[in-house]
Amino acid sequence: MEDEYLQRLNAEQLKAVQHPHDVPLQILAGPGSGKTKVLTSRIAYLILHEHIQPQSICAVTFTNKAAREMKERLTKLIGKSKVEEVKMGTFHALCALFLRRYPTRVGVKNNFTVCDADESKSILKRLLNSYKDCLEDNHLSLDVRNVMSMISKAKSRGQSPHDLATRAKHFGGHTPTENVIDRIIAELYESYEKFLRENNSLDFDDLLVYGVKLFSQQQTTNWCRHVLVDEFQDTNTLQYELMRHIASSSRCVTIVGDPDQSIYGWRSAEVANLAKMKLDFPATVQIYLEQNYRSTASILRASMTIVSQDQTRIPKTLHTSHPDGCIPVLRRFPSEQDEATCIAREIKRLSASSGGMLGWEDFVILLRMNSLSRSLESALRKEGIPCRVLKGQKFFERLEIKDLLAYLQLVDNPEFVPAFERVINVPARGIGDKTLGEILRAAHAKQLSPLAFIERIHDGRVPDVKPPVKRKIASFVKAIRELRVTARQGTMPADIIRKLIILVEYEDHLKRTQPDADTRWENVMELINFASEVQTELNDYPLQDLPDETTPTGDKDWDDMPDETEVAELDEEGIVEVKPNNSKTTAAQMADTNLEASTPLRLFLQASLLSGDSGDGGEEGGKEKVTISTCHSAKGLEWPVVFIPAVEEGTFPFALSEDANEERRLLFVACTRAQSLLYLSHCNKRLIAGKQMDRRLSTFVKAVIEDTPVCDIFAEETPELDRAHLEQMAAILGRQTPNQDVVVQKLAEFYSTDRYHKFMPTSGNALSTTFVAADAVYRTDTDKAIQQRQVLNKPSNNQVLSKVTHGRQSTQQYSGRSLVRMKPTAVSGPHHDTSNRRPVAALCPGHSKQLLPLQQVFQPANEQSPRYSSLAALTRGHLHDASNAEDPRGTFLSSSKQGFDSPGTAAPPPAPSVPIKRRLGMGRMVTGYANKKFRPPQS
DNA sequence: TATAACTTCCTTTTT
DNA sequence: GGAAGTTATA
Ligand SMILES: Nc1ncnc2c1ncn2[C@@H]1O[C@H](COP(=O)(O)OP(=O)(O)OP(=O)(O)O)[C@@H](O)[C@H]1O
């Protein structure tokens, strides 16, 4: 009974779970083979059968979201209390946790601030400025982002600034200029490090660097009896070192991974760590899982065909017992708007034709990059489909959020100058660049942090600077001091933020300075929400079993930290200082009562910075919403229906990417997220960085089409969900097959609300495909459906419906089914149980194979690829017929320019001219404008 | 010092 | 389509 979870595993999975705990294990398996499930079960097994204490287990996941999910799954197996004791999280989160606990072991302070990428960037930008002349002299240019990535890579490889410098000197670049660049980078690296140390700050890589230092000490790792690592193929050198150190006393390691899914090489991930592990742990055993439980056979086939083009790849078998299902769809569109509209329509159609078995939350749109989401968001909005955009990081990049967090950072870590600079004049206190520069200079001369310096000015114990500031900073100092006391008392972050916005009158400030103050204020409220949500689960509980820091200065360090500068002042002036607001006394009291390494505020700040993935979207966030996400953050997840737009050269592979194979694997990862239905699409034109660009189908897919004699890998037709398919789908998803009456009714509703309906025949593209496919269902289903449609024949739909009924032939004639006609054989191939593999003629009885390939409509004939030519010749006549009848070209193109919203038609509501509001991952409302000054939308 | 208005330059993925 | 940086003006 308690072993029930073991019975839900197949033989290989069971073998992996029950593998002797003291023999290092690599579980290597393709997508959907249950790796994560096995890892979770193994943790349960180690605790329940091998009687390893939960607190002696270290489980590393790739994202915080994955950690949360694993906790959830594990809770079902072993109960909440045990799960909470397991040391689980990302490498970064675990390092941060331990560094706060044992800071002095590696010479950091436990109130260090995590420096996010944005902050790193502006620090480096400033440092880079001083090399401007040098670079110009050598006719060189150096982008901050390059510098960042070089430094990050150096850190990830464990190289110090000194290492880089000597390398530059001895091995140098091939050319003198490369040498200059290398030298500059090494120097920048050094100054950057110096800056971070002076500001008591660690960046993401530092967390690992110092983590490795910390975990290389045996006293830090002797609690550990077993380490488990998920997504091992994406670990970098430092992370591998961490794992090795944490496992150094027990030598017990379990990792799972899939080389085909390594997509973080750009972040210094090393697949070679798999081999390295075999060397470091010679007893390592490998277990392979080859059964895929996630996807239909045809999705798996398409995915494997794509990834198999990688010649360097080690072949791997993966099979499924699921039926073929619908052939993945590959479509081409004239523009990204058409693509987006069609995806939105298709989501609606599927939702309807599944009779509600598929809810909004069952659909995902996976993108190569976030910037592609705009057109999709607006198309979904037009269709009234709720969606969430999974890029929670953006929330923390808002001006208003950054302001507040900077205040809090400053409260926690007075030495963090970037935060000081950000908020010293927020709200406006008459301290501009000049005065600020003066403060910084004078503070530096006195060897004080700027905050400590102005506190002294405020207390009148240091002369004011040239443009006097004493008065201007009074309220600022007062606010900071009050918050400091509050934070030390262990006040909950949400309350601290509430106090903060009152103290600095932040709402007023927003109203005065921001035209969209309302939305920004909503974001502030959302931050408070987030703080209260997260504060309940924030603790360093997993470290409870561990001894306190042995170094005597440890706790002192923490509690005295904010006052450290005061101490310096004591030495300097020899006066015993009475701190305002008794904060010193409070601190002393806290030292006795609070042995934790962290205040709630500190944990909150850390969570804000570390959990950019935002993931689950909270309780309300993800439910009942279509997800839009990047391919990268979709790793490890699954959805019944997956759309992948922009499968084009330039996006897949991305134009600037260095590793085409990694890009292919990324597409593979995206495809393998799908359980039942998969759609790839691409456009002829797309707006890239403000420029209209001609686009072509990705070679990754093109190669598949061209390599396959009979192209049954992809279909150009959207699938028609008949009874058999719904049953199959229900089986795969473990759901109830919908009632047929419900299906019919929902489809009827789908039609009745279809405001683009009248455009379909003339628009002649993908839209009409939706139409035709759905129409086919109608007809094949029952006459009842048709009757129903006639019942629904409201006045406003008269035109539409009459076109539908009388124009059946015309619908067929203009059917855009052959939009992407890879090979003529694609539609005339053998019949399987896949509906969309059926020839159009079969789909629409009475159809006379009169097809209108879209490339003819949208591309001049001479641009057609030779592959299409025979078909083009075949259908040219029909194109003319069609043109004569309704001129699909003109109508579609002109209407498409207006977003299908031409006068005299049932117009969809006008697009709002306000910035787009989005609910982000955590359910936070956000405007379309981020960090910088607000610009009102142009007319 | 603060703000408004203008120009330029981009493309990415995330802990 | 923006963000970041620069310049002009009160
Ligand atoms: N033995 C099994 N029987 C039934 N379903 C299973 C079994 N093993 C795994 N599954 C299901 O297969 C799906 C994929 O599992 P899981 O996410 O663990 O795979 P994975 O190998 O981690 O995938 P990926 O590599 O894509 O992250 C899940 O829905 C899971 O419940």
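Just so it is clear, none of the values below were taken in a lab; they were calculated from the coordinates. Computed from a prediction, not measured in an experiment: that's the story for all the values here. Counting neighbours? That spans all protein chains shown, and the Cβs are built from the backbone with ideal geometry, glycine included.
So the values come out like this:
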quantity: Longest to shortest principal axis, alpha-carbon extents of region A:114-199, angstrom; calculated: 37, 27, 19
quantity: Distance from region A:319-342 to region A:645-695 (C-alpha centre basis), Å; calculated: 13 Å
quantity: Options A:158, A:127, A:170, ranked by Cα towards positive dipole end of region A:114-199, top entry (Cβ charges); calculated: A:158
quantity: Candidates per chymotrypsin sites (Phe, Trp or Tyr not before Pro) in region A:79-180, loop by DSSP, up to 11 other Cβ within 10 Å; calculated: A:171
quantity: Residues A:137, A:412, A:508 arranged by fewest to most Cβ contacts within 10 Å; calculated: A:137, A:508, A:412
quantity: Compactness of region A:51-159, expressed as Rg and Dmax over alpha-carbon positions, Å; calculated: 20.3, 67
quantity: A:513, A:113 arranged by Cβ crowding within 10 Å, fewest neighbours leading; calculated: A:513, A:113
quantity: Local electrostatic count at residue A:693 - Lys and Arg +1, Asp and Glu -1, tallied over other residues with Cβ under 13 Å; calculated: +1
quantity: Fewest-first ranking of A:304, A:693, A:148, using other Cβ atoms within 10 Å as the exposure measure; calculated: A:693, A:148, A:304
quantity: Set A:316/A:635; A:121/A:499; A:132/A:213 screened for pairs whose C-alpha atoms are more than 25 Å apart; calculated: A:121/A:499; A:132/A:213
quantity: D (Stokes-Einstein, µm²/s), Kirkwood Cα radius, region A:395-540, 1.567 mPa s at 4 °C; calculated: 81 µm²/s
